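**Student:** Quick one: the structure is below, and I'll ask about it shortly.
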Amino acid sequence: MLSDFLFAVRSATKAIKGGLDVEMPYSWHYSFFLWLALKTGRASEQDVNEAVRRILRKKFQFKDVGEALRYGEDAIGCEAHKNLAKEAADKSIVLLKNDDAKDRKPLLPLDKNQQQKVAIIGFLACEENTGDHGSSAVYPKNVVTTLDGMRQHCDGSNVQIVFDDGKSISDATRIASEADVVIVCAGFTHKEEGEYIILSGGDRDNLGLKAHDEQLINSVSNVNQNTAVVMFGGSAIVTENWRHKVPAIVMAWYAGEQGGHAIADILFGEVNPSGKLPCSFPRCTDDLPYFSKNTRFIRYEYLHGYRHLEHHHYDPAYAMGFGLSYTSYQYSNLCLSSSTLKPDEAVTVSVDIENTGRWTGTRSYKCTSATHKPCFVHRKI
């Protein structure tokens, strides 16, 4: 048995006698305080030996499991891993908005065969922004930034890429006014959210973008109606102060080591966006229960997230499960395996799905009921 990280162990004596084998991630209590417990007789050598035996048994159990040759350092970041990272990013990115701009076709996807200047604005475009630097931190050999991905994707094409870090809003606005399309990269890094800053709170101060980012988006969109916003973050972002002014919004989350390639492929239509939101994005924080990251004690009722919004009839900006596509689908022949459902029974739902658009869609769908077994039959598109 191992502990939760950092503050889970409060007593070395109670932990070792309760069957805790490993303190994670540091041996704060299992170093000096366990030694002191042994010296004072509050814990015994037998307690420690039992923990060691359990650890060794597990090591012996798994020592011959798997393929040892695949676990060398040269396997890390191999081509198969890069492909998997790219696939994960492709399937997680969510297209939140893609409206027509003045009765024209939707802004996305962009056409790299068309002669155009694309301005990428925002310092996050050139950041290796893979998310939390706490217990989930990973250190890939190479991270493809959004700017790298866009430049590589457009190399040799009719698209000219220009970049501005967005720190000067006036400079960024001038560059945006001279471009055909603008991609604003805005959002967060491990410095604003995650375990990296858990000692100072670990949570964002609010759900909106930083004030500078919102001002940048509003200023840029005032001079260029072909503005798309790519957002980076680990959870819901309130977009109400600016979302109605831009025709396209993409939620990239923290897209990983191949995120730059994935974002470029999504923006240029090489990959059809198929990601869906795992949570609802509210219109404002007032639609959610009270929250302060400095509160020590509070009682919440059982309604949270989308259930809270639904119960109080608050319309979210983007509901859980929402996600647009470049293509379109037609559904027909909806059938149920049974018209009645008893407790602990499952119902099978089948439906014919036809891709009626120009882009290849996701090839299968699966739905898991909240209270019953998986219930959807797959049908390839």
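The values are calculated or read from the model by the stated rules, or taken from the named source; none is laboratory data. Everything quoted here is computed from the prediction, not taken from an experiment. When we count neighbours, we look across all protein chains shown, and the Cβ atoms used for this are built from the backbone with ideal geometry, even at glycine. Side chains included, ligands, DNA and RNA excluded: accessible areas come from the protein's heavy atoms. Shrake-Rupley method; radii C 1.70, N 1.55, O 1.52, S 1.80 Å.
**Student:** Using only Cα atoms, tell me the angle between helix 79-92 and the longest principal axis of the chain; keep it within 0 to 90° and round to the nearest 10.
**Tutor:** Computed tilt is about 70 degrees.
**Student:** Quick one: helix 45-62 against the long Cα principal axis of the chain, what's the angle to the nearest 10°, folded into 0 to 90?
**Tutor:** 50 degrees
**Student:** Using Cα pairs closer than 8 Å and at least 6 residues apart in sequence, work out the relative contact order for the chain, in percent.
**Tutor:** Relative contact order here is 16 percent.
**Student:** To the nearest 20 Debye, how big is the dipole of segment 254-301 about its Cα centre, given +1 on the beta carbon of each Lys and Arg and -1 on that of each Asp and Glu?
**Tutor:** Result for segment 254-301 is approximately 360 debye, rounded to the nearest 20.
**Student:** Between segment 312-328 and segment 1-56, what's the alpha-carbon centroid distance in Å?
**Tutor:** Going from one Cα centre to the other spans 48 Å.
**Student:** Of 14/39; 82/105; 86/245; 97/167; 17/58, which ones are farther than 22 Å apart at the Cα?
**Tutor:** From the list (14/39; 82/105; 86/245; 97/167; 17/58), the Cα-Cα distance tops 22 Å for 82/105; 86/245; 97/167.
**Student:** In segment 184-274, what GluC sites (Glu not before Pro) fall in a loop by DSSP, with at most 16 other Cβ atoms inside 10 Å?
**Tutor:** Of the GluC sites (Glu not before Pro), the ones in loops of segment 184-274 whose Cβ has at most 16 other Cβ atoms within 10 Å are 192, 240, 270.
**Student:** Which number comes out as Rg/Rh for segment 91-191 once both Rg and the Kirkwood Rh are worked out on C-alpha atoms?
**Tutor:** 1.00
**Student:** While we're on this one: Would you kindly find the accessible area of residue 35, with a 1.4 Å probe and non-protein molecules such as ligands, DNA and RNA excluded, rounding to the nearest 10 Å²?
**Tutor:** Accessible area of residue 35: about 130 Å².
**Student:** Assuming 0.890 mPa s and 25 °C, estimate D for segment 279-332 with Stokes-Einstein, Rh taken as the Kirkwood radius over Cα pairs, in µm²/s.
**Tutor:** For the chosen part, D equals 184 µm²/s.
**Student:** Calculate one ³J(HN,Hα) per residue across segment 158-163 by plugging θ = phi - 60° into the Karplus curve 6.51 cos²θ - 1.76 cosθ + 1.60, and present them in order as whole Hz with x for glycine and proline.
**Tutor:** My calculation for segment 158-163 gives 8, 9, 9, 9, 10, 10 Hz in order.
**Student:** If I ignore ligands, DNA and RNA and count only protein heavy atoms, how much of residue 334 is accessible to a 1.4 Å probe, in Å² to the nearest 10?
**Tutor:** About 130 Å², rounded to the nearest 10.
**Student:** So what's the net charge close to residue 5: Lys and Arg +1, Asp and Glu -1, counting the other residues with Cβ under 13 Å from its Cβ?
**Tutor:** It works out to a net charge of -4.
**Student:** Right, another one. Under a Cβ-Cβ cut-off of 12 Å, what is the net charge of the residues other than residue 231 that fall near it, where Lys and Arg count +1 and Asp and Glu count -1?
**Tutor:** +1
**Student:** Sticking with this one: Ignoring everything except DSSP H segments at least 4 long, calculate the 222 nm mean residue ellipticity for the chain; use -39,500 (n - 2.57) per segment, divide by total residues, nearest 500.
**Tutor:** Computed ellipticity for the chain at 222 nm equals -7500 deg cm²/dmol.
**Student:** Still on this structure, please answer the following. Which FRET efficiency value, to the nearest 0.05, do you get for residue 342 and residue 91 by plugging their Cβ-Cβ distance into 1/(1 + (r/R0)^6) with R0 = 41 Å?
**Tutor:** 0.70
**Student:** Quote the charge dipole size of segment 169-322 about the Cα centre in Debye, to the nearest 20; the model charges only the Cβ of Lys and Arg (+1) and of Asp and Glu (-1).
**Tutor:** 340 debye
**Student:** Kindly report, to the nearest 10 Å², the accessible surface of residue 285 as traced by a 1.4 Å probe over protein heavy atoms only.
**Tutor:** Around 70 Å² of this residue is reachable by solvent.
**Student:** Another question about this same structure. Using r as the Cβ-Cβ distance of residue 17 and residue 56, and R0 as 22 Å, what FRET efficiency do you calculate, to the nearest 0.05?
**Tutor:** After rounding to 0.05, the efficiency reads 0.65.
**Student:** Accessible area, 1.4 Å probe, largest first: how do 91, 97 sort?
**Tutor:** The ranking, largest first, comes out as 91, 97.
**Student:** So, R0 is 22 Å and r is the distance between the beta-carbons of residue 111 and residue 225; what FRET efficiency does that work out to, to 0.05?
**Tutor:** The computed FRET efficiency comes out at 0.80.
**Student:** Just to confirm the number: angle between the C-alpha axis of helix 211-223 and the first principal axis of the chain, 0 to 90 degrees, nearest 10?
**Tutor:** Between helix and principal axis, roughly 20 degrees.
**Student:** Related question: Take 95, 336, 324 and sort them by solvent-accessible surface of the protein heavy atoms, 1.4 Å probe, largest at the top.
**Tutor:** Correct descending sequence by accessible area is 336, 324, 95.
**Student:** So if I place +1 on the C-beta of Lys and Arg and -1 on the C-beta of Asp and Glu, and nothing else carries charge, what would the dipole magnitude of segment 145-231 be about its Cα centre? I want it in debye, nearest 20.
**Tutor:** Using Cβ point charges on Lys, Arg, Asp and Glu, segment 145-231 gives about 120 debye.
**Student:** Also: As I understand it, the dipole of the chain uses +1 on the Cβ of Lys and Arg and -1 on the Cβ of Asp and Glu, about the Cα centre. Which of 330, 13, 212 lies farthest toward its positive end?
**Tutor:** Looking along the dipole axis, the top candidate is 13.
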